[in-house]
Amino acid sequence: MNRIFFVLFYTFNLMVIALAKCTVNNYEEGFGNRVKCTNESLSKALDQGNNVVAAILIIHSDIRQLPKDTFIRYANTLVALNLQYCNIKDIDDDAFRGLTYIQKLSLSSNNISQVKDRWFRELSSLQQLDFSYNQIKTIQPLAFMALSNLRRLDLSENRLGCLENNVLQPLRSLDKLRFQGNPLTFECRAKLTLWLRDHGINYKIDPRGPEFWLDNVLWLCAVDDSIPLGDKNEQMVECVILNLFNQLRTVWTLPDSPSIPQQCSQARKDLTKCLVTGGHKSLTYSATNGGFIKNLLLQLRELKSSV
């Protein structure tokens, strides 16, 4: 048994070694080398090539932490840095110190939960920043203060309950933002999409999808002065529900359509609560706004079919 265990352990280690791989070639988009590493330690990956490294790509590696001055040796040459599927959770405030020439930074598909103020304070040349598929819940207010040249920002598939306009305000060159897959509150989403539209920023919503319709309703609700103060998000949800019921009422008043049962209007608040908590037995609750609307439409379809 011990011999079999030893053989299996030895074979596994050989496989790990075989999978660990780094290559160095010319960077096609500019001067210098491109280092690409898979299943490799951070220190080993950064020891590849020479000091004229323009791009670094590290994927499927167990890095977890970026310490102080991680990339300082390439401060004068590095223009692209991509760290994907590396289990990164902790980033030192000075991890990216000195990278004044970097233009592309991707930290997609890691375990980052917060974007901090000090990370990008020297990255004045940055044009593309990708944080998609992380666990981000908060972005500190001054996180993007130095990124006046940033053109593309991807925050999709995270856990943001809100993305405040003042956080995006310093991004004067921003023309594309991705934030789908975040459980933004209705109030926050309304303010955000209005701000993005006013500033001509593309945030890519499928015109055939539920979130496109949702944003149109939210814009109407956001500029409605009759919505009282208090729990603003609850009022926004209520406003969306009212708009949906008004549309359903229009359908019901067409020729040959059945009349609306009296209990539908009375049950509106119960329906809102049901959808928010996922209490309806036939629905699977989704934290995203698109999922909320999908559930609502399913509920309305069931209601209409029962009349």
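The values are calculated or read from the model by the stated rules, or taken from the named source; none is laboratory data. Because the structure is a prediction, the values reported are computed rather than measured. Note that each Cβ is placed from the backbone with ideal geometry, even for glycine, and that neighbours are counted across all protein chains shown. The area values use the complete protein model at the heavy-atom level, side chains included, leaving out ligands, DNA and RNA. Shrake-Rupley method; radii C 1.70, N 1.55, O 1.52, S 1.80 Å.
Exactly one condition in (1) open to solvent by 70 Å² or more (accessible area, probe 1.4 Å); (2) over 28 Å from Ala75 (Cβ atoms); (3) part of a loop (DSSP other than H, G, I, E, B) is not met by Asn166; state its number.
The failed condition is (3).
Of all residues in the stretch 21-49, how many are charged (D, E, K, R), part of a loop (DSSP other than H, G, I, E, B) and closer than 16 Å to Ile63 by Cα?
2
Please give the number of the condition Asn51 fails out of (1) within 11 Å of Thr77 (Cβ to Cβ); (2) at pLDDT below 90; (3) out of contact with any helix residue (DSSP H, G or I) (no Cβ under 8 Å at 6 or more places or on another chain); (4) of a type outside the set (Lys, Arg).
(3)
Among Arg159, Arg97, Arg189, which is the only one that is buried (at least 16 other Cβ atoms within 10 Å of the Cβ) and farther than 20 Å from Asn202 by Cα?
Just a single option satisfies the conditions, and that option is Arg97.
Mind checking which pairs have a first residue in the stretch 161-176 that is without any contact (Cβ under 8 Å) to a residue 12 or more places away in the chain and closer than 14 Å to Met145 by Cα and a second that is open to solvent by less than 10 Å² (accessible area, probe 1.4 Å) and in a loop (DSSP other than H, G, I, E, B), Cβ under 9 Å, 6 or more apart or different chains?
Listed pairs, sorted by first residue: Gln169/Phe144.
Which one is farthest from Asp175 (Cα to Cα) among residues in the stretch 113-129 that are within 15 Å of the chain's Cα centre (by Cα) and crowded, with 21+ Cβ neighbours inside 10 Å?
Val115
Quick one: which of Asn134, Asn110, Asn149 is touching a residue at least 12 places away in the same chain (Cβ under 8 Å) and either surrounded by fewer than 16 Cβ atoms within 10 Å (Cβ to Cβ) or among the hydroxyl-bearing types (Ser, Thr, Tyr) (or both)?
It is Asn149.
Going by the structure shown, is Tyr85 open to solvent by 10 Å² or more (accessible area, probe 1.4 Å), in contact (Cβ under 8 Å) with a residue 12 or more places away in the chain and over 18 Å from Ala54 (Cβ atoms)?
Criteria met by Tyr85.
Mind checking which residues of the stretch 64-76 are surrounded by 20 or more Cβ atoms within 10 Å (Cβ to Cβ) and in a loop (DSSP other than H, G, I, E, B)? Give the derivation first.
Taking the stretch 64-76 as the starting set, the residues that turn out to be surrounded by 20 or more Cβ atoms within 10 Å (Cβ to Cβ) are 66, 70, 74.
Selection gives Thr70 alone.
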